[in-house]
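So the structure is just underneath, and the comments pick up after that.
The values are calculated or read from the model by the stated rules, or taken from the named source; none is laboratory data. Being a predicted model, the structure only gives us computed values, none of them experimental. Heads up, the Cβs are rebuilt from the backbone with ideal geometry, glycines too, and the neighbour counts pull from every protein chain shown.
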Amino acid sequence: MGTVTVVEEISSWSACLEDKIENHTARVGIVGLGYVGLPLAVEFAKAGFSVTGIDVQDAKVAKVNAGSSYIQDVPDWELQSLVESGRLTATSDFSVISELDTVNICVPTPLRKTKDPDMSFIVSACEQIARYFHPGMLAILESTTYPGTTDEVVLPMLQSKTCEVGKDFFLCFSPERVDPGNAQFQTLNIPKVVGGVTPECTRMGALFYSQALQKVVPVASTQVAEMVKLLENTFRMINIGLVNEMALMCGRMGIDVWEVIDAAATKPFGFMPFYPGPGLGGHCIPIDPFYLSWKSRQAGVEARFIELAGYINGQMPHFVVEKIQNALNDRSKALKGARIHVLGVAYKKNIDDVRESPALDVMHLLMCRGARVTYSDPYVPSLKVDGCTLASQDLDVSLMSCDCAAIITDHGSVDYRAVLEKAPLVVDTRNALKGYASEKIVRL
Ligand code: SAJ
């Protein structure tokens, strides 16, 4: 039997919005001016749209309007020129939405302590938007969330008796794929997946993004688009968990896991290297998969891979502390009272973000066992651990006065040869000392 194509009636609102998008007179709104929203606002302003950024934090609004960027991927000069030209403004007043044609929602989706999704930011943003939302608008949720959020949470808040989705207004989901600090892939050139509540919604969302971004990937529904992001990041989390488990196995068998991975990576197909580490940090990878496992459990499927990988990744800080304790013990030193200097506390190299950083767990565990913990991180001048604020110490002085240095985050700016020369013992959790041979090195 041939496929039946549902031909949706093109409403007058659809034709009107399509014109505004195509001739760039559509007034664009971006709710949430963080590492996702601000670069997106800049791209649409650069494409010639009038863009209004909306954020609940007055400080962010003030900085944007002053042309002062707080996002490393948005240079001041670029923001300044867009603000001065009047293309981009910011406000904390949601009522501007009544004058806008499109609104992107780029707010945080953290986890609660119980590892359940915290939807409070999406709900409060939509409550505000709904007060001013009007026929003819396109709304797109970008915050990473579980499949079904757009249709089950956002749609009921925006539609009304007189407004029909796909006809009077349009609603899509498009996963954010921003990788802060990635010089090669930025908002402009990262392919943009978008799926709508109806085919006309998908078409409108794809038309919108194609005005400002290089590649758009329409998909059949909001659920597919929501699931795309979760697959991408769950894939990473599980493979990191696998390689961490390999590190535990190789450690017991006396095999160099780093050499194993490097040799496996010579396979030109069917393999993708991941590397063991002290744990899983950041605001995406440790969080997003639990949105999927939460929803999957509701659908009656236990996401066992996610739970197991989460457990293994969560054990890595303990494994690192055990390595440090054993390394000291082999040198007739107790961990209790030992001076441990941590190198690198950001959640990954060459950035300043400490959210969910495994360094926090490692330092906490060391302190619980009575170690005297200091740190150096060129990107992180101060750090709060267990309620006390530590300051980043001078590396050379600290290395010569510590009992053990622990490389937790391998920033590129550190001279690791000098670290090896100065420290009496180095526990290296990132293979930063690759190629060096010394009794002083203990590798993950
Ligand atoms: N990590 C490992 N071993 C690895 C890779 C990462 O232990 O082989 C650790 C990192 O040290 C970090 C955590 O995992 O603590 C997350 O690292 P990440 O490289 O995944 O970096 P993120 O959290 O910044 O992930 C972002 C994601 N981008 C978005 O969600 C839009 C992810 O999808 C990207 O693939 C990733 O950046 C990237 O490739 O840099």
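Hey, any hits in the range 321-333 for a residue that's over 15 Å from Gln393 (Cα atoms), within 16 Å of the ligand (Cβ to nearest atom) and not acidic (Asp, Glu)? Yes, some residue in the range 321-333 is over 15 Å from Gln393 (Cα atoms), within 16 Å of the ligand (Cβ to nearest atom) and not acidic (Asp, Glu).
Against the conditions (1) within 27 Å of Ala15 (Cβ to Cβ); (2) buried (at least 20 other Cβ atoms within 10 Å of the Cβ); (3) hydroxyl-bearing (Ser, Thr, Tyr), Tyr132 satisfies every one except (2).
Matching residues to (1) surrounded by fewer than 22 Cβ atoms within 10 Å (Cβ to Cβ); (2) over 18 Å from Phe133 (Cα atoms); (3) not polar (S, T, N, Q):
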position: Ile30; (1), (2), (3): no, no, yes
position: Leu40; (1), (2), (3): no, yes, yes
position: Gly48; (1), (2), (3): yes, yes, yes
position: Val61; (1), (2), (3): yes, yes, yes
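In the set Pro180, Pro276, only one residue is within 11 Å of the ligand (Cβ to nearest atom), more than 22 Å from Thr144 (Cα to Cα) and assigned to a loop (DSSP other than H, G, I, E, B); that residue is Pro276.
Take the residues in the range 339-387 that are more than 21 Å from the chain's Cα centre (by Cα) and of a type in the set (S, T, N, Q), then tell me which one is surrounded by the most Cβ atoms within 10 Å (Cβ to Cβ). Step by step, filter the range 339-387, then rank; the result is Ser376.
Being over 23 Å from the mean Cα position of the chain (by Cα) and closer than 30 Å to Leu280 by Cβ holds for only one residue in Glu200, Glu232, Glu152, Glu142, and it is Glu152. Only a single criterion out of (1) hydrophobic (A, V, I, L, M, F, W, C); (2) at pLDDT 95 or above; (3) more than 27 Å from Ser124 (Cα to Cα) is not satisfied by Val103, namely (3).
Apart from one condition, Val243 fits all of (1) more than 8 Å from the ligand (Cβ to nearest atom); (2) in a helix (DSSP H, G or I); the exception is (1).
Selection of the range 130-152 for residues being hydrophobic (A, V, I, L, M, F, W, C) and over 16 Å from Cys201 (Cβ atoms) yields only Ala130.
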